[in-house]
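This report refers to the structure that appears directly beneath it.
FYI, it's all coordinate maths here, none of it is from the lab. Predicted, not measured: the structure shown is a model, and the values here were computed from it. So basically every Cβ, Gly included, is an ideal-geometry build from the backbone, and we count neighbours across all protein chains shown.
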């Protein structure tokens, strides 16, 4: 049981993918103009990570070495396409919002990284737990950025007006430069904490 | 003609796939530490983006788009819509193209291997290349225009990483808090670069 | 690039084939089972704008409700023209297809029954630069066309001109700082108007 | 009909891409194996594979830390044939004049035609064998002695080490051989590192189970000259290579004089002391230091302090020093010895 907990905790915090290994921030930024987008994207990455980890772990003894990478890509792309179809069917406006960024989860360095580094070597349950941990770790970071960008940039939270009428939201946060700058400050905070508070 | 010019300017400047689309950040941050490697990777991304965009556009327009196979299966194919598998086909085409180019380079252009070849394995997983193919579908470009768009986006990405590599060379000699060095400062610089590039949006011609 | 012993190329390719086949099978099955729902969603998102254009509020409506309203109130005429027969009608809607700076601009020119007064103009798709060309879809810009006639003395037609240069009664100010978008949109609007004059008057 | 087409078209496209890649691989690469000449041995290699991979499949295991990514620089070999281009990854790890002599990274260069390379002789004797755990006992609360019986005997030299493959993971760990040269079994001392993947697995491995080891690695050679003095210094589990050297010299080299200096935290952490005591050798002295315990007959303090007080280097005999243990201990001992006039080139150390 503890191995499951470790796999989950590693993903969630100790090895939080986005900052510790600076992985997967490609889609992290484009989608975080609204918190709702970030939640859906986080859910997508978590579901795909768990699903592909499970499948790769199930097949790990049968995959021939030389097509290993291509098989993993197809499995991940399969899960992503499934999620994309789900979005188109059940929440079409969100699928419009996220646009190509749902499809780009396939090249998300986290998921392929986890299947290569973890699922190929561990049992099914541990791999699913690892996928869940990493997915939630990724989503947590996404939501944090999205809250800053939406509240700061357009004065709303989940679509409802939050800033008092007088306050003028900082439009730059919604634009690309703002996203990079927020990411930079958060990465700095993480690195600062990681190195035990030495400036 | 002005339409092509529009696509090129959009790809390189105003709708730069990295600075406004946030695509290809993983290798952008890792490789921009070294200028020579950035030149190599920029060249490789431009080369691969151009051809994969064209190839994927051909397959999409003649096979995957809704009702695309009318030329093959006649009118009954009008209702067939394969766009939902375009993601998997695009990935396979990109991975296949990269492997073939890598083999050809290793076999007949060993010196080019040092400049271009070693970066190719990095590219299969680079989101920018897949991003170009996915955006090309949304913009509904014809195969020829998609190739031009692929070239422009690749060149835009290359321009961004070369500029960043040049900036980071200056950083090595400047003092900054230790925790800020590396990823955080690169992200901040990218933000400033993105702000500069957004100025092109107001361009009229 | 890992080397392959020639012996098991077939084994690897067949394994890859099986995985791809299974994935495609699962995807195709899901796609067909949800395709009706997806098609409704897609057409509803296209029809939402034109329903708003003719004054039907689609607030809080899901795709099926929007589709129901659309099929109830609209008849499609030739050349992509739509005839609206619901409350506040009858109105005729002519498609606007234009070439903006960075991508296509699509919308509808909605005409009053008299055939020469504009009820409203709606933009359904544009890829212009936010804050500049994108203003073409802003309510403030589109409101300029409400109630304007499309044909004036001497056969002059309503025209969109460079921002700040509208003098004559048949001229309307374009978007400041977005000359190409304005010109593109103007041409699209002009072809819609000529279609309106040709097929004018709702039968 | 639609469902069939919907599945078939994309599958055909992906298989077409896969087949095209494999076809080009067949066309681009010369068919049939190419000849790879290593020192004086001839072996076949699959075209298109890297030199490192070709050597690996032919059973010649040269060190590689990064698995072929060109980021560790271990797999340096000399290309004797043809003008092999210099890649940026080569120049990152290999000095100018070595590049001129033909040294390149084996993992970065691919084989397309017959090639001749030269590797250090000892790599040729390296083999990967299966071994069964014959016996095991705890030497100290955290050090376990493993007696491994390999299927084919590994002829190793005293002071060398083997790499043990940890279960079915792709991880490997290095352990020094503790038994005398020529012994059929391989004895390892494994210290349990809390949370350490390798040591935890080896400490829980039941007797009778089998595992894979590869080796022998390590460059130390017992000095051949007659009558040299051998100075052996070990800290903690660094005792393993020293134990192999002491037992080998006791059995085969009566001409040498041997000085052994060992350091442990407490007597409870010390081991092999009685075995060494029972060895018969004309000129063998052993001194043991305990740095956190006061005991009768043992020096109280660190190894390098004990050496400074007890050891006098011989005037005319050449001296060969072998140190093994934690880096701070090795640094301290080497400083003490160089102050006594022993040149650093005679000191061989194995930090872990």
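Brief remarks follow.
- Listed residues C:97, C:46, C:59, most fluctuating in chain C (Gaussian network, C-alpha, under 10 Å): C:59
- The angle separating the long axis of helix B:35-59 from the principal Cα axis of greatest extent in chain B is about 10 degrees.
- Two-decimal Rg to Rh for chain C - Kirkwood Rh, Cα set: 1.20
- Compactness index (Cα Rg / 2.2 N^0.38 Å), the stretch D:126-217: 0.98
- Chain D: calculated mean residue ellipticity at 222 nm from DSSP helix runs of at least 4, using -39500 (n - 2.57): -8000 deg cm²/dmol
- Computed over the alpha carbons of the stretch D:211-279, Rg followed by Dmax gives 13.6, 40 Å.
- DSSP beta bridge pairing in the protein assembly as shown, given as percent antiparallel to the nearest 5: 65
- Residue with peak Gaussian network fluctuation, chain D [Cα springs, cutoff 10 Å], from D:181, D:225, D:118: D:225
- Applying Stokes-Einstein at 10 °C and 1.306 mPa s to the Kirkwood radius of the stretch D:34-123, computed over alpha-carbon pairs, gives a translational diffusion coefficient of 123 µm² s⁻¹.
- Considering only chain C, percent of DSSP beta bridges that pair antiparallel, nearest 5: 90
- Shielding of peptide A:93-105 by partners, expressed as the average count of other chain Cβ atoms within 10 Å per residue Cβ, is 4.
- Fewest-first ranking of B:73, D:105, D:202, using other Cβ atoms within 10 Å as the exposure measure: B:73, D:202, D:105
- Take A:166-173, D:217-224, A:70-77, D:338-345 and order them by the average number of nearby Cβ atoms within 10 Å per residue, most first; the result is A:70-77, D:217-224, A:166-173, D:338-345.
- Average other protein chain Cβ within 10 Å of Cβ, residues A:77-84: 6
- Candidates B:178, B:36, B:169: whichever shows maximal mean-square fluctuation once chain B is modelled as a Gaussian network with Cα springs under 10 Å: B:178
- Rg and Dmax of the stretch D:229-351, based on Cα coordinates, read 13.4, 38 Å.
- Rel. contact order, % - alpha carbon contacts under 8 angstrom, at least six apart, chain D: 12
- Beta bridges assigned by DSSP with both partners in chain D are antiparallel in approximately 55 percent of cases.
- Taking the helices alone, chain B has a mean residue ellipticity at 222 nm of -21000 deg cm²/dmol, built from -39,500 (n - 2.57) per DSSP H run of at least 4 residues and averaged over all its residues.
- Taking the C-alpha atoms of the protein assembly as shown, convex hull volume expressed per residue in Å³: 212
- Per-residue mean of foreign Cβ neighbours for D:342-349 is 0 (Cβ atoms of other chains, 10 Å radius).
- Ranked B:38, D:257, C:43, D:95, criterion: other C-beta atoms within 10 Å, fewest first: D:95, C:43, D:257, B:38
- Dividing the summed helix terms, -39500 (n - 2.57) for each DSSP H run of n ≥ 4, by the number of residues in chain C produces a 222 nm estimate of -14000 deg cm²/dmol to the nearest 500.
- Extent of the stretch C:1-83 along its three principal axes (Cα atoms, max minus min coordinate, largest first): 69, 29, 22 Å.
- Between helix B:143-171 and chain B there is an angle of about 10 degrees, using the helix long axis and the longest principal axis of the Cα atoms.
- Relative exposure of B:109, B:47, judged by other C-beta atoms within 10 Å (fewest first): B:109, B:47
- The ellipsoid equivalent to the alpha-carbon distribution of the stretch A:2-194 has semi-axes of 32, 19, 13 angstrom, derived from the gyration tensor eigenvalues as √(5λ) and listed largest first.
- Helix axis angle, D:239-252 relative to chain D longest principal axis, alpha carbon, degrees: 70
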